[in-house]
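Can you read through this structure? Questions will come right after.
Any read-out appearing in this document is the output of simple, stated calculations on the displayed coordinates, not a laboratory observation. Note that this is a predicted model, so its numbers are computed, not measured. No Cβ is skipped: glycine too gets one built from the backbone with ideal geometry, and neighbour counts run over all protein chains shown.
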Amino acid sequence: MGNVLILDDNHELIVVLREAVELAGHTVRTAQTGTQGLNLLVADFEPDVIVCDLEMPDMDGITFIERLRSEARWAQVAVITMSGKSEADAHPREFGANAYIPKPFSLHDLIALIDRYISKP
């Protein structure tokens, strides 16, 4: 299926998301900070979709996405943001996110969103 990078500073959430997304047939890499996420990309992991928390230590999700979008190689990768804030408060599309899912969310909804972006040409 596809390659998915998940970034969130909550280790327990990463474990649950990784298991669910892998059970859906995807290859998953995880990071707990934006810097770790960028390092995975530099190390040649090529995600089809990135699921990114907006509130992380060392580099928030907005800064991560801005850095991602500044590199031509990653400019078109689909990014799904997640946060406890409302979409109106988070403004995800203003900084380059493709989609937003509010926490808490159902795993089914997140996987459906991931699948939708992986299946886009």
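Going by C-beta contacts inside 10 Å, put H26, H11 in order with the fewest on the left. Provide the component values of the computation, followed by the final result.
Details: H26 20, H11 10.
Ascending number of Cβ neighbours within 10 Å: H11, H26.
What value, in deg cm²/dmol to 500, does the helix sum -39500 (n - 2.57) over DSSP H runs of n ≥ 4 give at 222 nm once divided by the residues of the chain?
Details: 5 runs with 48 residues, N = 121.
That calculation yields -11500 deg cm²/dmol at 222 nm.
Just rank L23, L40, L110, fewest to most, by other beta-carbon atoms within 10 angstrom.
Working: L23 10, L40 17, L110 20.
The most exposed by this proxy come first: L23, L40, L110.
Next up: About the Cα centre, and with charges only on the beta carbon of Lys, Arg (+1) and Asp, Glu (-1), how big is the dipole of region 3-119? Nearest 20 debye, please. Walk me through the numbers before you get to the answer.
Values: 9 positive and 19 negative charges, 49 e Å.
The calculation lands at about 240 debye.
Among the chymotrypsin sites (Phe, Trp or Tyr not before Pro) within region 1-94, which fall in a DSSP loop and have no more than 11 other Cβ atoms within 10 Å of their own Cβ? Don't skip to the end; give the middle numbers.
On the way: sites: F45, F64, W74; in loops: F45.
Here no loop site has a sparse enough neighbourhood.
If you restrict to DSSP beta bridges whose two residues both lie in region 3-119, what percentage is antiparallel, to the nearest 5?
Working: 0 of 18 bridges.
Roughly 0 percent of the beta bridges in region 3-119 run antiparallel, per DSSP.
Give a residue-ordered list of calculated ³J(HN,Hα) values for region 48-63 (Karplus: 6.51 cos²θ - 1.76 cosθ + 1.60, θ = phi - 60°; whole Hz; x for Gly, Pro).
For region 48-63, the Karplus curve yields 8, 9, 10, 9, 10, 5, 7, 10, 10, x, 6, 7, 6, x, 4, 5 Hz.
Continuing with this model, one more query. Using C-alpha positions alone, give me the convex hull volume of region 1-108 per residue in cubic angstrom. Please report the intermediate quantities before stating the final value.
Numbers: hull volume 9.9 nm³, N = 108.
With only Cα atoms used, region 1-108 gives 92 Å³ per residue.
Using θ = phi - 60° and the Karplus curve 6.51 cos²θ - 1.76 cosθ + 1.60, what whole-Hz ³J(HN,Hα) does each residue of region 99-107 get, with Gly and Pro shown as x?
So the Karplus estimates, Gly and Pro as x, are 8, 9, 10, x, 7, x, 9, 8, 4 Hz.
Once amide H atoms are built 1.01 Å from N in the peptide plane, which residues 5 or more positions from M82, or in another chain, come under 5 Å H to H?
Answer set, sorted by chain and number: C52, D53, L54, I101.
So between E19 and V42, what do we pick up on full extension, going 0.36 nm a residue minus the alpha carbon distance? Display every interim value, and only then the final one.
Details: separation 23, 0.36 × 23 = 8.28 nm, distance 2.40 nm.
Answer, rounded to one decimal: 5.9 nm.
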